[in-house]
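Structure first, then comments.
The values are calculated or read from the model by the stated rules, or taken from the named source; none is laboratory data. Everything numeric here is computed off the predicted structure, so don't read it as measured data. Glycine also receives a Cβ, built like all others from the backbone with ideal geometry; neighbour counts cover every protein chain displayed.
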Amino acid sequence: MHIDILTLFPDMFDGPLTESILKRAQERDLISIRRHNIRDYATDRHHSVDDTPYGGGGGMVMMPGPLVEAVEDVRGDDLDVPVILLTPQGRVFDQRVAEEFAGHPRLILVCGRYEGVDERVRKLVITDEISIGDFVLTGGELAAMVIVDAVARLVPGVLGARWAAEEDSHAMGLLEYPHYTRPPVFRGIAVPEVLVSGDHGAVAAWRRREAIRRTWQRRPDLLLTADLSEEEGWFLADLAESDAARSG
Ligand code: ADE
């Protein structure tokens, strides 16, 4: 997978792209990521990339010229590559969208700044708009980092054999079950008996139940679309009933 990032601040990406898993994935040629400075496509003497808005009002708007030129140059002849603008106005990013993006061989991420981008950029070159949540950042760069991270770890081989992205929380439509490691007792709190039983079937069943319990407690909205067996449905009904009894 190849990702191009168009930004006015390419150095902001140094930490996330040059450490840990994303660093190794690039070294192993599983993903390649190129940053492009939008300012390199400015045409005037001052290398301007923003200007005041028509109609007045505060703030600055990113000019269409440098942005459209940058996208067209980076995209080349490949008109199928998604060109994704990071903006609070976009559809909200989640694990499903990460999976959708991971299915593409190439992505172009466009980081907005200031009050936003000239509307003609959207019309001419943007194919999708993504928000990482209902809050406003100072620009699209941090959002682009979130997307690169979430998508890259879905590329086969990036996480290595020991981690399976398919078993992630959210990939299953549930939050994760509780995790434990050594020691068996820490400050008087013991690891649940079943986890040291050696019974793999019982461990898997316990984890699944605890994932459902945790999702019920923290994100019941996710259960509306989770894929539960009939038995798990009954377990959930029991959880709901005992909660209702306690509060009733
Ligand atoms: N730019 C500013 N805020 C943002 C957000 N929440 N998501 C994506 N891009 C943004």
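Cβ separations smaller than 6 Å between residues 6+ apart or across chains give the following pairs from segment 13-35 residues that are assigned to a helix (DSSP H, G or I) to residues that are charged (D, E, K, R) and surrounded by 11 or more Cβ atoms within 10 Å (Cβ to Cβ): PHE13/ARG35.
When MET62 is tested against the conditions (1) surrounded by fewer than 19 Cβ atoms within 10 Å (Cβ to Cβ); (2) farther than 22 Å from LEU154 by Cα, the lone failure is (1). Residue count for segment 162-193 satisfying the condition of being at pLDDT below 95 and outside any loop (DSSP other than H, G, I, E, B): 3. Of the residues VAL74, VAL97, the single one that is assigned to a helix (DSSP H, G or I), assigned by TED's automatic domain parsing to the domain that holds GLU129 and in contact with an Asp or Glu (Cβ under 6 Å, 6 or more places away or on another chain) is VAL74.
Could you list, in sequence order, all residues of segment 50-68 that are without any contact (Cβ under 8 Å) to a residue 60 or more places away in the chain and aliphatic (A, V, I, L, M)? Of everything in segment 50-68, those that are without any contact (Cβ under 8 Å) to a residue 60 or more places away in the chain and aliphatic (A, V, I, L, M) turn out to be MET60, VAL61, MET62, MET63, VAL68. Among the criteria (1) at pLDDT below 95; (2) surrounded by fewer than 18 Cβ atoms within 10 Å (Cβ to Cβ), the one GLY112 does not fulfil is (2).
Applying the selection to segment 102-161, what residues are assigned to a strand (DSSP E or B) and more than 9 Å from the ligand (Cβ to nearest atom)? Matches in segment 102-161: ARG106, LEU107, ILE108, LEU109, VAL110, VAL117, ASP128. Among the criteria (1) more than 16 Å from the ligand (Cβ to nearest atom); (2) buried (at least 17 other Cβ atoms within 10 Å of the Cβ), the one ARG96 does not fulfil is (2). Restricting attention to segment 130-145, the residues being surrounded by fewer than 18 Cβ atoms within 10 Å (Cβ to Cβ) and within 13 Å of ASP94 (Cα to Cα) number 2.
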